[in-house]
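Engineer: Here's a structure for you.
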Amino acid sequence: MAGTRPPSTRWTLLLSLVILLGCLIGHGVAVKHENFKKCSQSGFCNRNRAFADDVSAKGSSWSSPYELELSSIHFKDGQLQGTILKTISAEEKVRLPLTVSFLESGAARVVVDEEKRLKGEIELRHNSRARKERYNDIEKWVIVGDLELSKAATLSPEAADGYTKIMYGPENQFQAIIRHAPFGIEFQRDGETHVQLNNKGFLNLEHWRPKVDAPEGTEGAQGDDQSTWWEETFGGNTDSKPRGPESVAMDITFPGYNHVFGIPEHADSLSLRETRGGSGNHDEPYRMYNSDVFEYELNSPMTLYGSIPLMQAHRKGSTVGVFWLNAAETWVDIVKSGSSNPLALGIGGKTDTQSHWMSESGQIDLFVFLGPTPQDITKTYGELTGYTQLPQHFAIAYHQCRWNYVTDEDVKDVDRNFDKYQIPYDVIWLDIEYTDDRKYFTWDPMTFPNPIGMEEQLDESERKLVVIIDPHIKNQDKFTISQELKSKDLATKNKDGEIYDGWCWPGSSNWVDCFNPEAIKWWISLFKYDKFKGTLSNVFIWNDMNEPSVFNGPETTMPKDNLHHGNWEHRDIHNVHGITLVNATYDALLERKKGEVRRPFILTRSYYAGAQRISAMWTGDNQATWEHLAISIPMVLNNGISGYPFAGADVGGFFHNPSKDLLTRWYQAGIWYPFFRAHAHIDTRRREPYLIAEPYRSIITQSIRLRYQLLPAWYTAFHEASVNGTPIVRPQYFVHPADEAGFAIDDQLYLADTGLLTKPVVSEGVVTTDIYLADDEKYYDYFDYTVYQGAGKRHTVPAPIEKVPILMQGGHIIPRKDRPRRSSGLMKWDPYTLVIVLDKQGEAEGTLYVDDGETFDYERGAYIHRRFNFRESTLSSEDIGSKGPKTAAYLKTMADVRVEKLVIIDPPQEWQGKTAVTVIEEGAKAASTAAMEYHGQSHGKAGYAVVKNPNTGIGNTWRIEF
Ligand code: NOJ
């Protein structure tokens with residue numbers, strides 16, 4: 001028949017079409033789901049979800065079997081102790097020691113253990129050497145803050161039958177109401193309940209029991225499905241589970257809260273979704289099991305490389321949080337209920353958010369924070385787990401990375417090209433190929449014959465080098481480091497106590513066990529200049545693959561029955577594994593040679609709570625797609641509110657080649673990541689900014705320069721994070737906690753409290769961006785001062801490809817350095833510009849923090865910390881730092897660093913015609929004047945005034961009268 005092709009041709013056409021389609025949509029698909037467990041494939045998750053379903057189905061006929069034994073309750077010095085009894089049968093009750101501590105910081109801590117295991121009265125199967133206790137050492141890696149018990153916490157005299165009440169917190173406004181049977185706790189602030197433990201009855205601590213083989217043919221007759229109790233197999237790997245089932249789980253409800261945030265790392269929205277199915281929801285719980293997930297997918301609760309089990313619940317007028325301190329595999333289900341008005345979309349309606357936490361092993365150990373502000377949560381959490389490290393100044397500038405710069409000459413060439421095209425950068429990175437055959441601490445002699453020469457060239461413009469050092473050590477007898485690792489017995493063991501061998505970049509590898517204090521000492525020794533030859537003091541470290549990633553291991557990591565120092569099973573410590581390595585590397589970099597103490601810089605892929613004290617993180621192997629660019633914003637924001645603000649994503653996307661548009665937009669977004677680094681996979685085309693055709697090259701250059709211009713503001717923000725935990729880039733709810741319409745907004749961000757608000761363009765072909773304004777303050781376009789005003793709505797801001805859309809909120813003073821340089825190190829002595837953005841009252845305020853950006857001298861007063869104020873036509877600079885032994889000497893070094901320019905946005909019209917201002921500087925013989933130019937407003941753009949060279953010292957006290 002005419003028009004009909006023979007079947008074979010049709011098939012070929014169809015096949016070609018399928019292949020073509022595959023190529024077109026090839027990017028961005030492809031996570032191998034079969035390599036990672038779903039909840040139903042993870043025995044304990046499945047069991048606990050089933051348990052929760054069962055409890056919910058039984059409704060009021062169900063009674064949780066946990067009861068706090070009345071006679072055991074004892075309260076003293078801010079701490080309650082007692083024993084929870086878990087009823088198994090009329091004859092059998094399992095004893096679970098309970099400790100509730102009320103801390104001076106206002107946090108409360110609840111710990112539940114298992115007596116039998118504490119006492120070592122259990123038997124392990126398979127002659128295992130593993131520890132018998134539930135893992136109780138995690139505090140050592142995570143908690144640095146004061147756990148001092150509150151002296152003011154008191155047992156309430158009005159305790160009703162069946163309850164014990166403790167008043168605690170600031171002015172005893174908090175209350176913990178402990179219900180004895182079934183056991184549960186309600187946490188109240190000012191008489192209102194904010195957090196409920198075991199309110200739904202999902203508390204489940206799988207107690208130890210011996211394996212009793214059921215007589216043949218009667219398996220399952222006892223009612224319990226034991227199929228995952230004693231052994232679990234996944235992807236061909238069998239976990240021997242020498243202690244049998246041992247999970248801990250509990251429901252935590254936030255009554256009246258519609259939004260929960262936190263529990264990174266997931267490629268998902270900032271406001272966490274429900275996880276029990278339904279439109280727009282997930283079907284799976286959020287998982288935290290640090291993993292190397294190849295080509296990870298977006299909008300997913302799948303686990304990624306790091307985890308921080310801190311969740312905060314937010315509603316108008318209140319933020320509260322819980323921190324679930326457990327390093328084992330953990331899943332969290334989220335369900336919301338009870339919105340009185342479904343059309344309210346959570347605004348105004350009353351919703352309860354219920355979370356269900358499930359961990360495979362360990363104790364129940366959780367902290368409750370009662371807020372009431374988002375800042376209170378990040379502060380109290382930071383007090384506990386440590387604030388972010390104040391990084392070296394170079395670390396907050398631009399980093400240039402790819403897998404790989406192939407020779408030392410290549411590195412030098414890239415370095416020269418940045419200069420040739422006048423693009424600033426501070427750090428160039430070397431991925432694994434610099435090593436000799438993937439042996440860390442060595443250089444490939446063919447491709448990097450002269451690393452010192454290369455580092456010296458970088459140093460000429462104050463630039464640094466970061467090299468990768470992974471935790472897997474090539475298993476090769478003639479490699480000294482491998483020999484030492486084995487002969488000194490410092491490696492992680494398999495379940496039989498032999499050195500564990502797995503497959504990673506170098507092929508057969510062993511893993512340094514940083515749980516072992518001797519291994520830490522050894523690791524530190526490897527970084528000494530005489531050991532790690534070819535490295536100068538401008539070399540810093542990247543710890544990658546530290547989940548750990550094991551190519552042939554279960555779920556691309558180590559078997560759970562592997563053993564670490566002290567015979568803790570890998571199962572117990574998995575999520576903290578990554579930071580044990582980073583800790584050791586941190587100590588190593590602190591003092592590479594005696595007396596040379598400087599702030600370390602380490603980038604880590606795997607992390608846990610506490611990582612903020614020692615490292616920066618990035619979101620791992622993303623892809624060069626618009627969707628990956630978009631998700632990087634909520635991911636970075638989420639890390640910030642979870643106490644780990646030094647975060648970024650690979651600019652340009654790791655896998656595949658970005659279009660010029662995408663790359664350009666990625667730089668414009670990337671300048672807002674606290675950690676700003678471009679990186680690319682080995683198979684991608686080179687994409688250093690100077691290689692990109694015009695006009696993109698210039699546009700990218702301008703955005704990098706913008707980051708450099710604002711470095712004083714960034715460094716001030718890092719300082720603030722390092723002393724009180726506030727995120728460096730902040731989401732809408734954090735800045736406007738009372739504006740309900742903004743709570744779920746996660747595609748725009750504020751830079752600390754500079755008032756700078758940006759919404760990066762993350763879609764193709766878009767030339768405007770709609771920025772949501774919560775308040776009625778005036779906002780000004782960063783470049784041309786166009787005014788936007790109007791609360792509770794979106795404003796369309798032009799964003800053609802050459803423009804980074806940024807608004808400045810009225811009321812702030814933004815410190816800048818406007819002279820373009822090759823690196824941030826070369827800007828050290830440059831003068832400042834202050835941008836004074838007046839608010840509706842004609843006032844503004846801002847801060848600046850400066851130190852040497854390198855040493856720890858700031859701890860002894862070697863810094864400048866100023867508050868600038870504009871009020872009643874006067875700009876003043878006031879000292880808000882405190883003095884130390886090094887203050888005077890430091891100020892002397894800074895004496896010549898001056899303010900060279902003031903830009904006042906939206907000045908009063910009366911200034912028209914004014915041509916000078918009066919400068920009064922403390923210590924100066926007489927007042928002086930500086931010239932001022934006034935520019936009136938026009939076409940929706942605010943007017944501005946420029947004061948040229950007021951020449952006030954940045955570290956001095958002064959005022960300028962207008
Ligand atoms: C995995 C890291 O995520 C990636 O950034 C790096 O380039 C490769 N490992 C090679 O080291």
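Engineer: What number of residues in the range 475-502 are over 17 Å from residue 240 (Cβ atoms) and not aliphatic (A, V, I, L, M)?
Structural biologist: Final tally of qualifying residues: 14.
Engineer: Looking at 867, 819, which is the one that is free of Cβ contacts under 8 Å to residues at least 24 places away in the same chain, of a type in the set (D, E, K, R) and in a strand (DSSP E or B)? Steps first, please.
Structural biologist: Details: 819 fails: in a strand (DSSP E or B).
None of the other options fit; the residue is 867.
Engineer: Considering only residues of the range 500-520 that are among the polar types (S, T, N, Q) and more than 16 Å from the ligand (Cβ to nearest atom), which is nearest to residue 490 (Cα to Cα)?
Structural biologist: Going through the qualifying residues, I end up with 516.
Engineer: Consider only pairs whose beta carbons are under 7 Å apart and that are at least six residues apart or on different chains; among these, list those whose first residue lies in the range 679-694 and is away from the ligand (no atom under 14 Å from the Cβ) and whose second residue is among the β-branched types (Val, Ile, Thr) and assigned to a loop (DSSP other than H, G, I, E, B).
Structural biologist: So the pair list comes out as 689/423; 690/423.
Engineer: Another one. Could you go through the range 788-809 and let me know if any residue there is more than 24 Å from residue 665 (Cβ to Cβ) and surrounded by 19 or more Cβ atoms within 10 Å (Cβ to Cβ).
Structural biologist: No: the range 788-809 contains no residue that is more than 24 Å from residue 665 (Cβ to Cβ) and surrounded by 19 or more Cβ atoms within 10 Å (Cβ to Cβ).
Engineer: While we're on this one: Take residue 699 and decide whether it is over 18 Å from residue 812 (Cβ atoms), out of contact with any Lys or Arg (no Cβ under 8 Å at 6 or more places or on another chain) and in contact (Cβ under 8 Å) with a residue 40 or more places away in the chain. Talk me through it step by step, then tell me what you get.
Structural biologist: On the way: over 18 Å from residue 812 (Cβ atoms): yes; out of contact with any Lys or Arg (no Cβ under 8 Å at 6 or more places or on another chain): yes; in contact (Cβ under 8 Å) with a residue 40 or more places away in the chain: yes.
Spelling it out, residue 699 is indeed over 18 Å from residue 812 (Cβ atoms), out of contact with any Lys or Arg (no Cβ under 8 Å at 6 or more places or on another chain) and in contact (Cβ under 8 Å) with a residue 40 or more places away in the chain.
Engineer: Determine which single condition residue 571 fails, assuming it passes every other condition in (1) touching a Lys or Arg at 6+ places or on another chain (Cβ under 6 Å); (2) within 17 Å of residue 290 (Cα to Cα); (3) assigned to a loop (DSSP other than H, G, I, E, B).
Structural biologist: Answer for residue 571: the failing condition is (3).
Engineer: Next question, about the same structure. Return the residue satisfying two criteria in turn: it lies in the range 758-774 and is of a type in the set (S, T, N, Q) and part of a strand (DSSP E or B), and of such residues it is nearest to the chain's Cα centre (by Cα).
Structural biologist: Here the residue is 758.
Engineer: For a quick check of your reading of the model, give me the residue pairs whose first member lies in the range 254-279 and is in the same structural domain as residue 322 (by TED's automatic domain parsing), whose second is part of a loop (DSSP other than H, G, I, E, B) and β-branched (Val, Ile, Thr), with beta-carbon atoms closer than 6 Å and at least 6 apart or on different chains.
Structural biologist: Listed by first residue and then by second, the contacts come to 258/351; 264/308.
Engineer: Give me the helices (runs of 4 or more DSSP H) completely within the range 603-722, filtered to those with at least 1 residues that are of a type outside the set (Gly, Ala, Ser) and closer than 22 Å to residue 266 by Cβ, ordered by residue number. Even if it seems obvious, please write down each step before you answer.
Structural biologist: Working: elements: 626-641, 660-670, 696-709.
In the range 603-722, 626-641, 660-670 are the helices (runs of 4 or more DSSP H) which contain 1 or more residues that are of a type outside the set (Gly, Ala, Ser) and closer than 22 Å to residue 266 by Cβ.
Engineer: Do the conditions hold for residue 886, that is, is it under 43 Å from the mean Cα position of the chain (by Cα), over 30 Å from residue 788 (Cα atoms) and charged (D, E, K, R)?
Structural biologist: On the way: under 43 Å from the mean Cα position of the chain (by Cα): yes; over 30 Å from residue 788 (Cα atoms): yes; charged (D, E, K, R): yes.
Yes.
Engineer: Something else now. Given the structure, is residue 532 part of a loop (DSSP other than H, G, I, E, B), among the aromatic types (Phe, Trp, Tyr) and more than 16 Å from the ligand (Cβ to nearest atom)? Outline the logic, then answer.
Structural biologist: Values: part of a loop (DSSP other than H, G, I, E, B): yes; among the aromatic types (Phe, Trp, Tyr): yes; more than 16 Å from the ligand (Cβ to nearest atom): yes.
Yes; evaluated as a whole, the condition is true for this residue.
Engineer: Show the residue pairs that are 6+ apart or on different chains and have beta-carbon atoms under 7 Å apart, the first residue being within the range 102-118 and in the same structural domain as residue 174 (by TED's automatic domain parsing) and under 23 Å from residue 153 (Cα atoms), the second being among the charged types (D, E, K, R) and assigned to a helix (DSSP H, G or I).
Structural biologist: 105/383
Engineer: Ok, one more. Go through (1) outside the structural domain of residue 324 (by TED's automatic domain parsing); (2) under 28 Å from the mean Cα position of the chain (by Cα); (3) crowded, with 16+ Cβ neighbours inside 10 Å for residue 34 and report which single condition fails.
Structural biologist: Result: residue 34 fails condition (3) only.
Engineer: If you don't mind, there's one more thing I want to ask. Which condition number does residue 252 fail, the rest of (1) farther than 19 Å from residue 35 by Cβ; (2) in a loop (DSSP other than H, G, I, E, B); (3) of a type outside the set (S, T, N, Q) being met?
Structural biologist: Among (1) farther than 19 Å from residue 35 by Cβ; (2) in a loop (DSSP other than H, G, I, E, B); (3) of a type outside the set (S, T, N, Q), residue 252 violates only (2).
Engineer: List, please: which pairs have Cβ atoms under 6 Å, are six or more places apart or on different chains, and start with a residue in the range 739-757 that is β-branched (Val, Ile, Thr) and end with one that is modelled with pLDDT of 95 or more?
Structural biologist: Qualifying pairs under 6 Å: 745/732; 745/772; 754/713; 754/812; 754/814.
Engineer: Look at the range 234-249 and say how many of its residues are over 30 Å from residue 188 (Cβ atoms) and in a loop (DSSP other than H, G, I, E, B).
Structural biologist: 9
Engineer: Still on this structure: For residue 610, state whether it is within 16 Å of the ligand (Cβ to nearest atom), at positive phi and either touching a residue at least 12 places away in the same chain (Cβ under 8 Å) or surrounded by fewer than 24 Cβ atoms within 10 Å (Cβ to Cβ) (or both).
Structural biologist: Details: within 16 Å of the ligand (Cβ to nearest atom): no; at positive phi: yes; either touching a residue at least 12 places away in the same chain (Cβ under 8 Å) or surrounded by fewer than 24 Cβ atoms within 10 Å (Cβ to Cβ) (or both): yes.
Taking the combined requirement at face value, the residue does not satisfy it.
Engineer: Among strands (runs of 3 or more DSSP E) lying entirely in the range 56-111, which contain 1 or more residues that are modelled with pLDDT of 95 or more and buried (at least 20 other Cβ atoms within 10 Å of the Cβ)?
Structural biologist: 66-68, 79-87, 93-102
Engineer: Related question: Across the range 488-505, which residue is surrounded by the most Cβ atoms within 10 Å (Cβ to Cβ) among those that are touching a residue at least 40 places away in the same chain (Cβ under 8 Å) and within 29 Å of the chain's Cα centre (by Cα)?
Structural biologist: Residues of the range 488-505 that are touching a residue at least 40 places away in the same chain (Cβ under 8 Å), as a first pass: 492-495, 497, 500, 502-505.
Within this subset, residues satisfying the condition of being within 29 Å of the chain's Cα centre (by Cα) are 492, 502-505.
Values: 492: 24, 502: 22, 503: 14, 504: 26, 505: 19.
Looking at residues that are touching a residue at least 40 places away in the same chain (Cβ under 8 Å) and within 29 Å of the chain's Cα centre (by Cα), I get 504.
Engineer: Considering the range 112-140 alone, what residues qualify as being closer than 15 Å to residue 569 by Cα and either outside any loop (DSSP other than H, G, I, E, B) or of a type in the set (S, T, N, Q) (or both)?
Structural biologist: Selection gives 117, 125, 126, 127, 128, 136.
Engineer: Additional query: Taking only pairs six or more apart or across chains, which ones have beta-carbon atoms under 9 Å, a first residue in the range 908-928 that is in contact (Cβ under 8 Å) with a residue 60 or more places away in the chain, and a second residue that is of a type outside the set (Phe, Trp, Tyr)?
Structural biologist: 908/838; 908/842; 908/873
Engineer: With the condition kept exactly as written, say whether any residue in the range 875-886 is assigned to a loop (DSSP other than H, G, I, E, B), surrounded by fewer than 20 Cβ atoms within 10 Å (Cβ to Cβ) and in contact with a His (Cβ under 8 Å, 6 or more places away or on another chain).
Structural biologist: Going through the range 875-886, the residues assigned to a loop (DSSP other than H, G, I, E, B) turn out to be 880-886.
Right, trim to surrounded by fewer than 20 Cβ atoms within 10 Å (Cβ to Cβ) and you get 880-886.
Now drop any that are not in contact with a His (Cβ under 8 Å, 6 or more places away or on another chain), which leaves 880-881.
Looking through the range 875-886, at least one residue is assigned to a loop (DSSP other than H, G, I, E, B), surrounded by fewer than 20 Cβ atoms within 10 Å (Cβ to Cβ) and in contact with a His (Cβ under 8 Å, 6 or more places away or on another chain).
Engineer: Also, I was wondering about something else. Any residue in the range 727-745 that is among the charged types (D, E, K, R) and over 20 Å from residue 638 (Cβ atoms)?
Structural biologist: No, the conditions are met nowhere in the range 727-745.
The values are calculated or read from the model by the stated rules, or taken from the named source; none is laboratory data. Everything numeric here is computed off the predicted structure, so don't read it as measured data. Positions of Cβ are backbone-derived with ideal geometry, glycine not excepted, and every protein chain shown enters the neighbour counts.
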